[in-house]
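Visitor: Next up is a structure, given as structure tokens.
The values are calculated or read from the model by the stated rules, or taken from the named source; none is laboratory data. Since the model is a prediction, treat every value here as computed from it, not as a measurement. Glycine also receives a Cβ, built like all others from the backbone with ideal geometry; neighbour counts cover every protein chain displayed.
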Amino acid sequence: MSGIYLKEVVSIKRTRPYIKLLRPKHWIKNVLIFIPLLYAGNLTQPALLWNAVRCYAAFCLLSSSVYIINDIADVEKDRQHPVKCYRPIAAGLVGVRRATVIAVFASLFGLALSMTGYGDYYVLSCAVIYVLLNLAYSIFLKHRTIIDCFCIAAGFILRVYAGGAAGMSPISEWLFLTIVAMSLFMAFGKRRGEMLQTSAESAGVTRIALAEYSAGFVDGMVFVCAGLSIVFYALWTMAGTDYMTYTVPLVIYIVCKYLLNIHNNPSSGDPVPTILGDKGLLVAVGLFAAISVLLLYA
């Protein structure tokens with residue numbers, strides 16, 4: 001029995017770096033795929049919901065492949081970063097060749113899932129653009145100041161439009177602007193966290209764009225995009241979503257709490273650990289989702 005248990009422990013230790021390589025925690029970002037379905041009132045339609053679930057699975061695979069490619073491209077710089085040096089490739093736990101194979105297979109399966117069963121090729125188009133955009137980002141766009149944040153935001157927007165295509169749910173202009181503002185808010189917040197984690201001397205080594213940002217500029221953009229997120233969301237709720245206007249105060253609280261977290265905590269500013277690491281913020285987000293479902297479907 002002890003031998004079997006020992007083998008299981010060794011097996012878990014061996015697979016842990018590969019699981020970490022895929023970054024499953026970051027799959028929560030793909031929940032954006034369900035937003036058009038939710039607000040179009042189509043969440044209760046099994047066929048459309050199944051399409052959205054398949055689209056979600058496709059983007060989980062694609063996003064994991066993108067993270068792996070980015071880690072491969074940044075392996076030497078990540079080894080000089082105080083936090084990113086613990087990533088599986090940078091730490092030497094997963095070889096570059098093996099990581100490349102995993103990335104290729106994840107991309108192929110993700111594209112295959114986004115190709116069939118939707119009645120058109122809009123989901124596939126969003127998936128292909130998402131992959132190409134992130135390849136360009138990993139190679140050179142992440143070194144372009146401001147453009148790097150817009151690339152991050154574009155990834156969120158493509159998820160929403162893929163979900164809209166999969167669930168045959170329209171996306172209004174106000175919803176589009178809300179997602180754009182929210183995405184830029186989180187992107188600039190992430191850059192702010194990376195600047196705090198990286199010293200001025202090593203900023204140009206770990207990421208060229210970081211050396212060109214100033215703390216005052218990034219803070220200003222974070223607050224501007226946070227304010228626009230609230231305004232656009234409020235206008236969207238008043239444009240035709242009955243009773244959803246009453247969720248605006250909760251959204252203001254979520255934005256303010258998120259702002260407080262990225263300003264007070266010495267984190268990377270990444271939205272996933274920022275939200276998952278704060279129980280109060282996590283409860284507020286869950287409460288917002290529950291109230292939205294009740295208001296739209298009860």
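Visitor: Does residue 246 meet the test of being surrounded by fewer than 17 Cβ atoms within 10 Å (Cβ to Cβ) and either at pLDDT below 85 or more than 19 Å from the chain's Cα centre (by Cα) (or both)?
Guide: yes
Visitor: Right, something else. It is to be established whether one or more residues within the stretch 98-108 are in contact with a Ser or Thr (Cβ under 7 Å, 6 or more places away or on another chain) and β-branched (Val, Ile, Thr).
Guide: Within the stretch 98-108 (the criterion being in contact with a Ser or Thr (Cβ under 7 Å, 6 or more places away or on another chain) and β-branched (Val, Ile, Thr)), the answer is no, since none of the residues qualifies.
Visitor: Return yes or no: is residue 104 farther than 27 Å from residue 15 by Cα and among the β-branched types (Val, Ile, Thr)?
Guide: For residue 104, the condition - farther than 27 Å from residue 15 by Cα and among the β-branched types (Val, Ile, Thr) - is not met.
Visitor: Another one. Could you please find all residues in the stretch 118-133 being farther than 13 Å from residue 159 by Cα and either touching an Asp or Glu at 6+ places or on another chain (Cβ under 9 Å) or of a type outside the set (Ser, Thr, Tyr) (or both)?
Guide: Across the stretch 118-133, the qualifying residues are 119, 120, 132.
Visitor: Okay, next question. Select from the stretch 110-144 the residues that are modelled with pLDDT of 85 or more and in a loop (DSSP other than H, G, I, E, B) and write down the one among them that is nearest to residue 22 (Cα to Cα).
Guide: Restricting to residues being modelled with pLDDT of 85 or more and in a loop (DSSP other than H, G, I, E, B), the top hit is 114.
Visitor: Give the stretch 22-55 a look and list any residue that's closer than 17 Å to residue 161 by Cα, free of Cβ contacts under 8 Å to residues at least 60 places away in the same chain and either of a type in the set (S, T, N, Q) or buried (at least 17 other Cβ atoms within 10 Å of the Cβ) (or both), or say none.
Guide: Matches in the stretch 22-55: 27 only.
Visitor: I'd like to know if the stretch 68-79 contains one or more residues that are of a type in the set (Val, Ile, Thr), over 20 Å from the mean Cα position of the chain (by Cα) and either modelled with pLDDT of 90 or more or not in a loop (DSSP other than H, G, I, E, B) (or both).
Guide: yes
Visitor: Something else: Are there any pairs with C-beta distances below 9 angstrom linking a residue in the stretch 99-118 that is more than 12 Å from residue 55 (Cα to Cα) to a residue that is assigned to a loop (DSSP other than H, G, I, E, B) and hydrophobic (A, V, I, L, M, F, W, C), with the two at least 6 apart or on different chains, and if so which?
Guide: 99/89; 102/94
Visitor: Return yes when residue 162 is assigned by TED's automatic domain parsing to the domain that holds residue 50, buried (at least 20 other Cβ atoms within 10 Å of the Cβ), assigned to a helix (DSSP H, G or I) and touching a helix residue (DSSP H, G or I) at 6+ places or on another chain (Cβ under 6 Å) and no when it is not.
Guide: So residue 162 fits the description; yes.
Visitor: Here is a further query. Pairs under 6 Å by beta carbon, first residue at negative phi in the stretch 127-148, partner modelled with pLDDT of 90 or more and not in a helix (DSSP H, G or I), six or more apart or different chains?
Guide: Between residues of the stretch 127-148 that are at negative phi and residues that are modelled with pLDDT of 90 or more and not in a helix (DSSP H, G or I), the close pairs are 127/114.
Visitor: What are the residues in the stretch 81-90 that are modelled with pLDDT of 80 or more and assigned to a loop (DSSP other than H, G, I, E, B), if any?
Guide: Listed by number, the residues that qualify are 87, 88, 89, 90.
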